[in-house]
1. Can you tell me how much longer the chain between L18 and A62 gets when fully stretched, taken as 0.36 nm per residue apart minus their C-alpha distance, in nm with one decimal?
2. Can you return the lysines within cross-link range of K33? Criterion is Cα-Cα under 22 Å, with same-chain partners fewer than 8 residues away left out.
3. Note the listed values (1) 3.43; (2) 1.57; (3) 1.19, then indicate which one is Cα Rg over 2.2 N^0.38 Å calculated from this particular structure.
4. What distance in nm separates the two pseudo spin-label positions at I7 and K55, each 7 Å out from Cα along the beta-carbon direction?
5. Just to confirm the number: angle between the C-alpha axis of helix 4-45 and the first principal axis of the chain, 0 to 90 degrees, nearest 10?
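All of the numbers you see were taken from the coordinates with simple rules; none came from a lab. Not measured: the values here are computed from a predicted model. Every residue, glycine among them, receives a Cβ derived from its backbone with ideal geometry; neighbour counts consider all protein chains shown.
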Amino acid sequence: MATANQIKYRIGQAKKKLAKLNKELASTKANIKKLEADAKKAKAAKPKKKTAAKKKAAPKKAKKAVKKGK
């Protein structure tokens, strides 16, 4: 059976670990927000492609009537 001091020590160690993980989590969340903002800026700065106007087909020339020979 563990003594009271051993239990207190383990609780202290768990609290330290929890504090460290919470700190890391906060920094990771901040980093994610920064990256999302950068992605949004990059998307906004991306030049939009202009659709090229389609060229109109040249009017077709009328065919000349060809007389058939005898």
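1. 7.2 nm
2. The reachable lysines, counting only those whose Cα sits under 22 Å from K33, are K20, K23, K41, K43, K46.
3. Correct label is (1).
4. Those two pseudo-labels are separated by 8.8 nm.
5. 20
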